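Below you'll find the structure, written out as structure tokens, and then a few comments.
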Amino acid sequence: MSAYRTGDPLDRRRFLTAAALRGATVIGTGALSAGALSTGVLGTGVIGATALGAVDADAAFAAPIRPLDPAVAESAFAEGRITAINHDVLEVAGSYGDHSRVRVTNATSVWKARATTADDIETGDGLYARGLPLPDGTLAADAVWVNIVNLHATIRGIERTRLHLAHGQHEIVGHLMAQTTSASYGDASPTADLSRLSIGQSAQVLGAWRPSDGSVDLVRVAVAPGAGRRR
């Protein structure tokens with residue numbers, strides 16, 4: 001299995017986004033507040049933790065937890081596109097030409113825009129998985145984030161059910177999901193009130209990529225401090 005044990009969260013964000021957006025590169029997040037980017041309660045869909053760490057969407061980009069007890073194995077990670085599903089094992093082609101085998105069980109936390117089950121994982125999906133390496137070379141996943149993207153974008157258009165976003169040279173359609181999509185305005189907690197989003201705002205976008213058409217289901221849109229005047 002090709003999996004890595006630790007990694008810079010920004011590097012992780014880069015390859016997760018690149019896998020989903022076919023070569024896009026994530027722009028730095030310094031313009032946004034730490035609170036807006038790290039809040040993991042409203043909009044991320046999963047609340048909880050395992051011995052290896054939290055399982056909400058933000059945890060996919062968090063620094064790995066290093067166990068204090070040397071007898072406890074350190075977590076490992078895998079990422080890429082799912083090429084095949086063999087019972088409870090996902091065959092994954094990594095972004096750098098590597099290959100991983102990820103084992104999911106009834107105890108595995110699965111995120112795909114919201115908390116779900118392994119039944120929603122499909123061939124062609126992208127994933128980021130955390131777990132423990134097994135002797136047979138598979139990664140026993142405690143958490144799997146499917147098609148997750150976390151990218152910097154500019155809002156170019158607003159419709160009732162979607163946002164039009166620019167990420168570098170990529171034009172992205174973001175789908176607004178009732179009872180799921182939230183917004184963060186500066187240091188404020190995420191809210192279901194999207195009325196203060198406006199064209200031209202810079203935003204950090206957390207969501208789930210749709211492999212079928214390249215669009216993104218929007219989970220959270222965080223805009224910089226000072227933004228959020230009602231349009």
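Overview of values
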| read-out | value |
| --- | --- |
| Value of relative contact order over the range 78-126, rounded to a whole percent, pairs C-alpha under 8 Å and six or more apart | 36 |
| Derived scalar couplings ³J(HN,Hα) [the range 163-176; Karplus, 6.51 cos²θ - 1.76 cosθ + 1.60; whole Hz; x for Gly, Pro] | 10, 9, 10, 10, 10, x, 9, 9, 9, 10, 8, x, 8, 7 |
| Other-chain or far-sequence residues with amide H under 5 Å of ALA140's (modelled H) | ARG103, LEU132, LEU134 |
| Solvent-accessible surface ranking, highest first, for ASP119, ASP136 at 1.4 angstrom | ASP119, ASP136 |
| Positive minus negative residues near VAL144 (Lys, Arg vs Asp, Glu; Cβ under 9 Å) | +1 |
| Whole-number percent relative contact order across the range 148-231, with pairs defined as alpha carbons under 8 Å at least 6 apart | 34 |
| Probe 1.4 Å - accessible area at HIS152, Å² to nearest ten | 30 |
| Exposure rank, largest accessible area first [ARG81, ARG160; 1.4 Å] | ARG160, ARG81 |
| Rounded to whole Å, sorted largest first: equivalent-ellipsoid semi-axes of the range 56-212, Cα gyration tensor | 32, 18, 14 |
| ASN147 long-range amide H proximity, modeled H, under 5 Å | GLY126, LEU127, TYR128 |
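The values are calculated or read from the model by the stated rules, or taken from the named source; none is laboratory data. Keep in mind it's a predicted model, so treat the numbers as computed, not measured. With ideal geometry, Cβ positions are generated from the backbone for all residues, glycine too; neighbour counts draw on all protein chains shown. Side chains included, ligands, DNA and RNA excluded: accessible areas come from the protein's heavy atoms. Shrake-Rupley method; radii C 1.70, N 1.55, O 1.52, S 1.80 Å.
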